[in-house]
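For reference, the structure discussed in these notes is given below.
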Amino acid sequence: MRLSRYFLPVLKETPSEAQIVSHRLMLRAGMIKQASAGIYSWLPLGYKILRKIEAIVHEEQGRAGHIPMLMPTLQSADLWRESGRYDAYGPEMLRIRDRHERDMLFGPTNEEMITDIFRCHVSSYRDLPMTLYHIQWKFRDERRPRFGVMRGREFLMKDGYNFDLTREDALHAYNRHLVSYLRTYERMGLQAIPMRADSGPIGGDDTHEFLVLAETGESEVFYDSEITDLKFGDRKIDYDSHDECRAVLEEFTSRYARTDETHDPELFAKVPEDRQRQARGIEVGQIFYFGTKYSEAMGANVVDPDGNRVPVHMGSHGIGVSRLVGAIIEASHDDKGIIWPEGVTPFHAGIVNLKQGDEEADAACQALYDSLVTMGLEPLYDDRDERAGAKFATMDLIGLPWRITVGPRGLKNGVVELTCRRTGESEEMPPEQAVTRIGQIYARKV
Ligand code: ATP
Ligand code: MG
């Protein structure tokens with residue numbers, strides 16, 4: 001992409017309405033525009049990152065054997081009357097009446113709808129286990145939408161639902177989700193710690209939230225600092241193996257880590273004092289096992305091997321896709337702007353031409369651009385007729401992890417400059433070498 005042809009409405013001023021750094025940077029970098037309270041348009045740069053995050057979520061769901069689909073945003077109230085949640089949900093649910101006076105709602109979540117699909121089409125244990133998921137916009141009429149996309153009213157969520165014959169199988173599905181979530185967040189450059197949580201209006205006993213530690217997080221958390229040393233990394237795992245998935249769950253949940261809702265000061269006191277931490281965190285996901293709550297209420301049964309009709313065991317599992325964009329920025333930025341982890345960066349590298357219109361510099365930039373594209377990468381070429389300082393400021397603000405700077409002086413010596421956004425370190429090298437280097441960096445990551 002050439003910047004001169006892109007739509008990147010960066011702001012010079014710091015918007016006064018934004019209270020936290022990720023919201024400020026998303027506005028300044030031209031990623032989003034507020035449409036109304038808690039509802040945003042995703043401008044091209046923001047949209048690109050949202051799509052990258054979605055792609056990682058899809059890939060990791062696929063790896064775990066979960067099946068993608070898409071359910072609508074508008075739902076019939078009747079389904080929610082069956083589960084009893086139409087009245088229970090409260091003012092967060094946006095209720096709508098259509099022209100035929102039918103009660104509808106903008107889905108805040110999809111347990112009822114997926115259970116309805118399941119009961120219409122599945123009747124035998126032979127079709128289990130099954131996990132279906134979608135990535136779809138949700139609406140919750142939050143009392144205090146704030147912090148930009150972090151607490152929106154309309155937001156994008158991945159929500160998945162497992163259907164299993166037995167409690168044991170459903171707990172395996174729970175563990176499998178925990179493993180796949182660990183991988184998902186790490187690929188986005190995040191450490192998201194599974195913490196024991198409260199089940200809220202979804203109901204159920206077993207639930208963990210995934211929290212990214214950040215001062216601006218809305219949740220208060222208590223944990224044993226040892227937990228921050230754990231990494232899932234690129235270990236191989238057999239998602240069908242109950243033992244392997246359970247071992248990962250045990251490894252990542254055996255140390256004290258809880259949100260304030262379930263915090264137990266007596267248990268916490270048993271953690272060695274120098275390891276006790278109290279901090280704030282951003283909830284980027286949650287997994288639930290809730291057994292037969294919805295299947296019993298809505299008649300989602302299967303015939304078991306003995307010929308009996310039994311309600312299926314279910315769970316639901318969510319990732320805050322749009323909130324993650326803000327969470328990643330909270331975890332990765334500096335005074336100059338965003339620093340995208342390589343896994344989610346909107347463009348793989350920026351090319352800055354220090355002297356637009358200089359024949360040699362223009363040609364060298366174009367050659368770099370073409371080589372990167374040939375490697376399957378997507379560069380952003382700042383070909384505007386702007387001062388070098390302004391070009392650098394834009395690149396730093398939008399946070400591309402790597403920048404190649406091209407100028408007539410360097411070219412005389414046959415070199416360009418490769419700069420790492422995170423460390424600020426620059427190195428001069430021939431253009432081909434810069435391309436190879438960037439190719440290697442992304443080959444490692446993807
Ligand atoms: P919260 O406690 O933050 O209100 P929740 O527990 O009600 O969230 P879930 O039902 O667990 O939310 O939804 C799954 C994920 O969707 C959450 O972990 C969070 O990352 C994201 N999410 C929930 N509400 C919002 C919102 N208003 N704006 C953006 N993302 C949200
Ligand atoms: Mg939650």
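The values are calculated or read from the model by the stated rules, or taken from the named source; none is laboratory data. Treat the numbers as computed from the prediction; the structure is a model and nothing was measured. Cβ: placed from backbone, ideal geometry, glycine included. Neighbour counts: every protein chain shown. SASA here: full protein model, heavy atoms, side chains in, ligands and nucleic acids out. Shrake-Rupley method; radii C 1.70, N 1.55, O 1.52, S 1.80 Å.
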Can you compute the modelled spin-label distance between ARG81 and ARG309, with each label point 7 Å from Cα toward Cβ, in nm?
2.2
With all protein chains present and a 1.4 Å probe, the order of ARG422, ARG255 from largest accessible area down is ARG422, ARG255
Could you pull the Cα extents of the stretch 244-333 along its three principal axes, largest to smallest, in whole Å?
56, 35, 27
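Which helices count as membrane-span-like in the chain under these terms: full DSSP H, at least 20 Å along the axis by C-alpha, Kyte-Doolittle mean of 0.0 or more? It would help to have the intermediate numbers written out before the result.
On the way: long enough: 44-63 (28 Å, -0.53); 167-187 (30 Å, -1.17); 359-374 (22 Å, 0.07); 431-445 (22 Å, -0.71).
Those that clear 20 Å and a mean of 0.0 are 359-374.
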With every protein chain kept in place and ligands, DNA and RNA left out, what is the accessible area per residue of the chain? Probe 1.4 Å, answer in Å².
45
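Apply 1/(1 + (r/R0)^6) to the Cβ-Cβ distance of GLU360 and GLN440, taking R0 = 35 Å, and write down the FRET efficiency to the nearest 0.05.
Numbers: r = 27 Å, r/R0 = 0.76.
Calculated transfer efficiency: 0.85.
Could you order CYS420, CYS245, CYS120 so the one with the most accessible surface comes first? Probe is 1.4 Å. Display every interim value, and only then the final one.
Numbers: CYS420 25, CYS245 0, CYS120 85 Å².
Ranking CYS420, CYS245, CYS120 by accessible area, largest first, yields CYS120, CYS420, CYS245.
Given the convex hull of the Cα atoms of the stretch 347-443, what is a quarter of its surface area in nm²? Could you put the intermediate results ahead of the total?
Details: hull surface 21.6 nm².
Across all orientations, the stretch 347-443 yields a mean hull projection of 5.4 nm².
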Taking the alpha-carbon centroid of each part, what is the distance from the stretch 264-320 to the stretch 328-401 in angstrom?
43
Compute the Rg/Rh shape ratio of the stretch 3-337: radius of gyration over Kirkwood radius, all on alpha-carbon atoms.
0.97
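Given the pairs LYS12/LYS52; LYS336/LYS391; LYS48/LYS391; LYS12/LYS336; LYS52/LYS336; LYS48/LYS355, which are separated by over 19 angstrom at their Cα positions?
On the way: LYS12/LYS52 26 Å; LYS336/LYS391 13 Å; LYS48/LYS391 21 Å; LYS12/LYS336 12 Å; LYS52/LYS336 23 Å; LYS48/LYS355 28 Å.
From LYS12/LYS52; LYS336/LYS391; LYS48/LYS391; LYS12/LYS336; LYS52/LYS336; LYS48/LYS355, over 19 Å: LYS12/LYS52; LYS48/LYS391; LYS52/LYS336; LYS48/LYS355.
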Please give the Cα centre distance for the stretch 32-77 versus the stretch 214-252, rounded to the nearest Å.
24
Straight-distance crosslink candidates among lysines, where the alpha carbon sits under 26 Å from LYS293 and sequence neighbours closer than 8 are dropped
LYS138, LYS158
